[in-house]
Every structure is written in C-alpha cells, then in structure tokens.
Amino acid sequence: MSQAKKETWDIDKLNEAYQKGYFVGLTSKGLADCPFLDQEVLASAWEAGWHDGYEALQLSGHRGAARQAV
C-alpha cells in the first residue's frame, strides 16, 4: 500500500501561490508553467490566480502571443 504525500499549506502559502499564478497569467505564459504540480491545493490556488491574471490581460487589450491553456 503506497503512502500519499502529506501536503502542508496555510493561508499565506495559498495567497503566495495565487499571486504567482496571477503574475504568470498577466505575462500570457501557459498553465504548464505551474511550479506546484506536485502539491494539489497550492496548484489549484496558482491556477485560480493564473485564470484571473490571464483574464485581466485579455480585458486590458494586450493579446500578445498567448499560449494555449494545457
């Protein structure tokens, strides 16, 4: 029986992951650039930030060479 890796996170880590994702979204980089792929909760916070940042980028009129979301 395999033992699952225990994730440790708190509100500050969630906020940091969200902010990092937001700024990556603003640069139009793809979802594959997430540095938290091995940590489900932080990856979800990062992805939420990415979506919000990418939406802000689109609303600002800067389309750039955006990558497809993975």
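The values are calculated or read from the model by the stated rules, or taken from the named source; none is laboratory data. Treat the numbers as computed from the prediction; the structure is a model and nothing was measured. Glycine also receives a Cβ, built like all others from the backbone with ideal geometry; neighbour counts cover every protein chain displayed.
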In region 21-38, how many are of a type outside the set (Val, Ile, Thr) and under 15 Å from ALA56 (Cα atoms)? 8
Count - residues of region 3-47 that are among the small types (Gly, Ala, Ser) and exposed (fewer than 12 other Cβ atoms within 10 Å of the Cβ): 2
When restricted to ALA69, ALA65, the only residue in a loop (DSSP other than H, G, I, E, B), within 14 Å of the chain's Cα centre (by Cα) and modelled with pLDDT under 95 is ALA69
Restricting attention to region 7-62, report how many residues are part of a loop (DSSP other than H, G, I, E, B) and of a type outside the set (Asp, Glu). 14
